[in-house]
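For reference, the structure discussed in these notes is given below.
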Amino acid sequence: MTTTPASAHRSAEPASFRDPEARVVYSADGEVLRELSPRAREDWEALSGATFFRRALEDGRIVGTEELSPGLLRHERVPFVSYPYEWPFEMLRDAALLQLGLLEKALAEDFILKDGTPYNVQWRGAEPVFVDVGSFERLRSGEPWAGYRQFCMLFLYPLMLQAYRGIAPQPWLRGSLEGIEPSEARALLPRRRRGVLTHVVLHDRLEAKNADRSGEVRAELKASGFRKELIEANVKRLLKLVRRLQPKRGRSTWAGYREAAPYEPEDAERKERFVREAGRADLAWDLGCNDGRFSRAVDAEHVVAVDGEERVVAELYDTLRGEGSNRILPLVVDLADASPGRGWRGVERRRLEERGRPDLVLCLALVHHLAIGRNLPFEELIGWLRSLEARLVIEFADRDDPMVKRLLAAKRAETHESYGRDTFERALGERFEVERREELGSGMRTLYLATPR
Amino acid sequence: MAPLGYLDPGSGSMLLQIILGGVAAIGVTMKMGWRRLLRTLRLRRDDDDAS
């Protein structure tokens, strides 16, 4: 890193150490900057003149980028950073297709991506954006795609796991930032399914037989006339393969919840109005978003809509993507076990709460699920919500509510004896000032608008 | 050879890219020669040539 007086005031992005050629840093006022090495600078100069790159910048597939001075770029800031282990299948697949599509266009103009990682994709709402401009470099003849293995481990195998086995890949991706090894994928995936024999079985076999021969193999490939047409053929195959992968899912508890839930339509409309009247926000979090009805109602520049059910989030994503929405970002997050800090020193991939604080939090039809379903004490839940330092719209459902009855029926009676409106209001009142309170028509649910004390 | 990048592309993964090259790989395969390709892929041992 250069140590000019200007860069002395910059702070390094903790996740941007793997590729020292093009590091991301933040300016004192929070701008996203990228410092290029002399070599990366040459790549950037060539790249900025490429047609595919200019087009992708214009239509938003690549993150907004401008050159501030030679070797220093400034990027558009994405509204909220998210990680592949928070994306439903459809988002991971769209991120893969974006990456492969860009690679295909880049190859035609003799550029290549030096890696193949979903961490290079972020979202403007439901629209994927490729954010690592430093990943593009000029293609060197005789060399294969260095990111192919990474693409398999972090995109292809996780997608195959859900498509061919019905196993959700998010816990695997959260468990290992490097993804699933070819040898592990071989043990997990059925060899008769499309793409498994080559990308998985043969991949593992060649890897096992050729350990530590990287330099030798590269020389051999170069001498044999390895050319970009081979990479292009592989990318085309991968595009075709990934497009055809469809998620296999078990039954879901909450998909179609809105239809099945004992809500009066009138109650839902009052809830919507209550949310709309909660005031303007730059960033709102909708916790337990389900079909996103209230994410749509809230008056916010950006919304992060989270739900623990992958299928529910997938359905919301599909709808938003169809609408071309760039305001609501749907994420799979179990709030009783939200994304922790991961990677080097636990800061490379940050905790959910450390990626931009909301100024409004919606917590609708959620308290009973966490308090009864997950045995989370009111004080704990309210304490955590208080730590977000945001206005809060929260709904409480009484013991007589049919959903609460259903949840209580699954537990020993004594476990949740204290579950009731009084205890809830006491916990809420200790940490928040309640500004507004509205009982819904059914009389079993109450809405609160509260500000931190 | 000069290092490829910041990632180790994996020797097995590089070799697989010949096979995944489809029609475009025919030229490479011919240039390498079938036996040499199998040897390079380590799917055939060096001493197999003697037989």
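The values are calculated or read from the model by the stated rules, or taken from the named source; none is laboratory data. Note that this is a predicted model, so its numbers are computed, not measured. Don't worry about glycine lacking a Cβ; one is built from the backbone with ideal geometry, like all the others, and counts go over all protein chains shown.
Taking the residues in the range A:285-311 that are touching a Gly at 6+ places or on another chain (Cβ under 9 Å) and not in a strand (DSSP E or B) as candidates, determine which candidate is surrounded by the most Cβ atoms within 10 Å (Cβ to Cβ).
A:Gly288
Within the range A:8-44, which residues are hydrophobic (A, V, I, L, M, F, W, C) and within 25 Å of the chain's Cα centre (by Cα)?
Quick first cut of the range A:8-44, residues hydrophobic (A, V, I, L, M, F, W, C) only: A:8, A:12, A:15, A:17, A:22, A:24-25, A:28, A:32-33, A:36, A:40, A:44.
Across the range A:8-44, the qualifying residues are A:Ala12, A:Ala15, A:Phe17, A:Ala22, A:Val24, A:Val25, A:Val32, A:Leu33.
Being touching a strand residue (DSSP E or B) at 6+ places or on another chain (Cβ under 7 Å) and among the β-branched types (Val, Ile, Thr) narrows it down to one of A:Val333, A:Val347, so name that one. Can you show your working first?
On the way: A:Val347 fails: touching a strand residue (DSSP E or B) at 6+ places or on another chain (Cβ under 7 Å).
On inspection, the qualifying residue turns out to be A:Val333.
If you check A:Gly142, A:Gly116, A:Gly134, which single one turns out to be within 18 Å of the chain's Cα centre (by Cα), not assigned by TED's automatic domain parsing to the domain that holds A:Ser325 and not acidic (Asp, Glu)? Spell out the reasoning first.
Values: A:Gly142 fails: within 18 Å of the chain's Cα centre (by Cα); A:Gly134 fails: within 18 Å of the chain's Cα centre (by Cα).
None of the other options fit; the residue is A:Gly116.
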Take residues that are in contact with a His (Cβ under 8 Å, 6 or more places away or on another chain) and over 25 Å from A:Pro358 (Cα atoms) and tell me which of the helices (runs of 4 or more DSSP H) falling wholly in the range A:377-453 contain 2 or more.
A:402-409
A:Phe80: passes all of (1) in contact with a Gly (Cβ under 6 Å, 6 or more places away or on another chain); (2) assigned to a strand (DSSP E or B) but (2)
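Can you tell me which residue among A:Glu216, A:Glu220, A:Glu207, A:Glu178 is surrounded by fewer than 16 Cβ atoms within 10 Å (Cβ to Cβ), more than 26 Å from A:Val121 (Cα to Cα) and within 12 Å of chain B (Cβ to nearest Cβ)?
Working: A:Glu220 fails: surrounded by fewer than 16 Cβ atoms within 10 Å (Cβ to Cβ); A:Glu207 fails: surrounded by fewer than 16 Cβ atoms within 10 Å (Cβ to Cβ); A:Glu178 fails: more than 26 Å from A:Val121 (Cα to Cα).
Just a single option satisfies the conditions, and that option is A:Glu216.
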Name the single residue that is nearest to A:Ile167 (Cα to Cα) among those in the range A:218-250 being among the acidic types (Asp, Glu) and at pLDDT below 95.
A:Glu229
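What do you reckon, is A:Ala255 modelled with pLDDT under 95, part of a loop (DSSP other than H, G, I, E, B), out of contact with any Asp or Glu (no Cβ under 6 Å at 6 or more places or on another chain) and away from chain B (no Cβ under 14 Å)? Show your work before the answer.
Numbers: modelled with pLDDT under 95: yes; part of a loop (DSSP other than H, G, I, E, B): yes; out of contact with any Asp or Glu (no Cβ under 6 Å at 6 or more places or on another chain): yes; away from chain B (no Cβ under 14 Å): yes.
So A:Ala255 fits the description; yes.
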Are there any pairs, at least 6 apart or on different chains, whose C-beta atoms fall under 9 Å, with the first in the range A:377-399 and assigned by TED's automatic domain parsing to the domain that holds A:Lys271 and the second at pLDDT below 95 and β-branched (Val, Ile, Thr), and if so, which?
A:Ala397/A:Val404; A:Asp398/A:Val404
On the basis of being assigned to a loop (DSSP other than H, G, I, E, B), of a type in the set (Asp, Glu) and surrounded by 20 or more Cβ atoms within 10 Å (Cβ to Cβ), does A:Asp115 make the cut?
yes
Which residue, of A:Ser69, A:Ser16, A:Ser27, is under 25 Å from B:Pro9 (Cβ atoms) and polar (S, T, N, Q)?
A:Ser16
Within the range A:161-175, which residues are without any contact (Cβ under 8 Å) to a residue 24 or more places away in the chain and either over 16 Å from the mean Cα position of the chain (by Cα) or crowded, with 22+ Cβ neighbours inside 10 Å (or both)?
A:Ile167
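What are the residues in the range A:223-249 that are under 29 Å from the mean Cα position of the chain (by Cα) and at the interface with chain B (Cβ under 8 Å from one of its Cβ atoms), if any? Can you show your working first?
Within the range A:223-249, the subset under 29 Å from the mean Cα position of the chain (by Cα) is A:231-232, A:234-249.
Listed by number, the residues that qualify are A:Ile231, A:Glu232, A:Asn234, A:Arg237.
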Residues of the range A:142-158 satisfying the condition of being at the interface with chain B (Cβ under 8 Å from one of its Cβ atoms) and either polar (S, T, N, Q) or part of a helix (DSSP H, G or I) (or both):
A:Tyr148, A:Arg149, A:Gln150, A:Cys152
